[in-house]
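Notes for the one structure printed next.
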Amino acid sequence: MTEVQIRRWMGSCGIAAGVFAAVGIPLYFLYSGAPPASNVLTRILLNLLTCAVLLVFLTGLRHLIRSAGAAFEWPASLAFGAGLGYVIVTLIAASIEAGVVLETPDGTLDPTVDGPLAHANMLLHGSVARLLTAVTLIAAGHAILRSGVLPRWAGHSAYVVAAINLAFVPSLFFGTDAAQFYSAVGWGNSALTAALIVYWALAVGVAVLASVRRRSMTPAAPIGANA
């Protein structure tokens with residue numbers, strides 16, 4: 001696969017992750033009580049698709065950072081490893097939620113807060129995911145700013161999103177009310193803050209595709225021009 005193809009895949013999947021999240025997150029706020037099974041399974045499907053394209057995006061990001069030189073191998077590996085951990089944790093949390101709904105498809109249980117594994121699942125949606133996101137973006141932000149492989153705003157915004165995620169790690173001490181902004185499974189934690197990494201991926205994806213487009217439009221120097 002050529003460098004241009006890798007960048008196109010990375011950019012396209014970053015954009016796709018943001019789009020899937022933009023469609024899926026409002027589904028969490030449609031019902032005040034237990035949502036119907038169709039609602040839960042639809043948002044879980046969107047989560048699965050988001051994880052798939054985010055994995056491709058993270059792989060492309062690792063390749064992009066590593067291309068800057070051997071000195072960036074470590075932060076590239078750290079960003080990818082923590083990002084992979086985030087994807088795995090998200091898939092496990094989605095599987096647990098789906099299990100509750102598939103067992104009780106009548107819509108009497110909200111898998112976010114109900115069911116035998118709901119409370120054990122809260123940290124996967126909350127503090128665990130927030131910590132992994134922070135590690136991913138701190139490593140990515142450091143590598144981007146030092147290597148210059150992406151615009152500087154991508155590195156600075158990665159630090160900002162990482163700081164916001166770190167601020168929500170202690171939310172596990174603030175109860176389990178999903179209606180609260182700041183709690184173990186509060187909407188500010190598991191919905192708003194959780195979406196920031198995919199919106200960051202969307203913005204970076206747009207920048208990567210734009211750079212590919214600019215390169216393709218730049219005319220090649222004529223043979224012998226530098227002779």
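Kirkwood hydrodynamic radius for the range 1-76: how many Å is it when counted over pairs of different Cα atoms? Walk me through the numbers before you get to the answer.
Numbers: mean 1/r = 0.0708 Å⁻¹.
After inverting the pairwise mean of 1/r, the radius is 14.1 Å.
Expressed in nm to one decimal, what extension gain is obtained for the pair E103 and H156 from 0.36 nm per residue of sequence separation less their Cα-Cα distance? Walk me through the intermediate numbers first.
Working: separation 53, 0.36 × 53 = 19.08 nm, distance 4.43 nm.
14.7 nm is the gain from fully extending E103 to H156.
With unit charges on the beta carbons (Lys and Arg positive, Asp and Glu negative) and the dipole taken about the Cα centre of the range 1-129, which residue among A98, Y86, G11 sits farthest to the positive side?
The listed residue farthest towards the positive side: G11.
At most 16 other Cβ atoms within 10 Å and a DSSP loop assignment: could you name the chymotrypsin sites (Phe, Trp or Tyr not before Pro) in the range 16-107 that fit? Don't skip to the end; give the middle numbers.
Numbers: sites: F20, Y28, F29, Y31, F57, F72, F80, Y86; in loops: Y31.
Taking the range 16-107 and a limit of 16 other Cβ atoms within 10 Å, the loop chymotrypsin sites (Phe, Trp or Tyr not before Pro) found are Y31.
In nm, to one decimal, how far is the modelled label at N39 from the one at A71, with both set 7 Å along Cα→Cβ?
Simple spin-label model gives 5.2 nm for this pair.
Using the alpha-carbon atoms, what tilt in degrees (0 to 90, nearest 10) does helix 152-167 show relative to the longest principal axis of the chain?
On a 0 to 90 degree scale, this one is about 20.
With each pseudo-label sitting 7 Å past Cα toward Cβ, what's the L30-I88 distance in nm, one decimal?
Those two pseudo-labels are separated by 3.3 nm.
Each value in this text was obtained by applying a stated rule to the coordinates, not by laboratory testing. This is a predicted model, so every value here is computed, not measured. Neighbour counts are summed over all protein chains in view; Cβ atoms, including those assigned to glycine, are modelled from backbone coordinates with ideal geometry.
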